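These notes concern the structure reproduced below.
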Amino acid sequence: MFSVLASSDQVFSFYYLGENSVDTFDIHPLTKYYYYLRKWLLENGMNLCPSEYDDYFLKDMVRKIEPRFKEEKLSKIF
């Protein structure tokens, strides 16, 4: 599957529907950071929408994240 990254809705929808691999593209440099924030929320059993949480909660959650690869580490630093 090939999709625009944007807010990541399409990516998460395709995975939810059973896709094994989704390749994305986007020209905006900040979309990958937003993707990881949303991914980490899902992995921690939270709602997918970061705007539902205050900054303190999000910063605390990100502090607890253990990056698994370089892109996650860079996103956590950002």
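The residues of the chain have, on average, 72 Å² of accessible surface per residue, using a 1.4 Å probe with all protein chains present. For residue 59, the aspartates and glutamates whose Cα comes closer than 16 Å to its Cα, not counting residues fewer than 8 places off in the same chain, are 43, 72.
Plugging the Kirkwood radius over Cα pairs into Stokes-Einstein for the chain, at a temperature of 4 °C and a viscosity of 1.567 mPa s, what D comes out in µm²/s?
It comes out at roughly 98 µm²/s.
In a simple Cβ point-charge model (Lys, Arg +1; Asp, Glu -1; nothing else charged), region 1-68 has a dipole of about 200 debye relative to its Cα centre.
Restriction of the chymotrypsin sites (Phe, Trp or Tyr not before Pro) in region 41-76 to DSSP coil positions whose beta-carbon has at most 14 other beta-carbons within 10 angstrom yields 69. Compute the angle between helix 55-64 and the longest alpha-carbon principal axis of the chain, please, reported from 0 to 90 degrees and rounded to the nearest 10. Compared with the principal axis, the helix lies near 80 degrees.
Given R₀ = 30 Å, what would the calculated FRET efficiency be for residue 10 paired with residue 60, taking r from the Cβ atoms and rounding to 0.05?
Efficiency, from the Cβ-Cβ distance: 0.60.
Mean separation of Cα pairs under 8 Å and 6 or more residues apart, divided by the residue count, gives the chain a relative contact order of 24 percent.
Heavy-atom surface analysis with a 1.4 Å probe gives the chain a carbon and sulfur content of 57 percent of its accessible area. Taking 0.36 nm per residue of separation and subtracting the current Cα-Cα distance, fully stretching the chain between residue 43 and residue 70 would add 7.9 nm.
The values are calculated or read from the model by the stated rules, or taken from the named source; none is laboratory data. For clarity, every value in this text was computed on a predicted model and none was experimentally measured. Counting neighbours? That spans all protein chains shown, and the Cβs are built from the backbone with ideal geometry, glycine included. Side chains included, ligands, DNA and RNA excluded: accessible areas come from the protein's heavy atoms. Shrake-Rupley method; radii C 1.70, N 1.55, O 1.52, S 1.80 Å.
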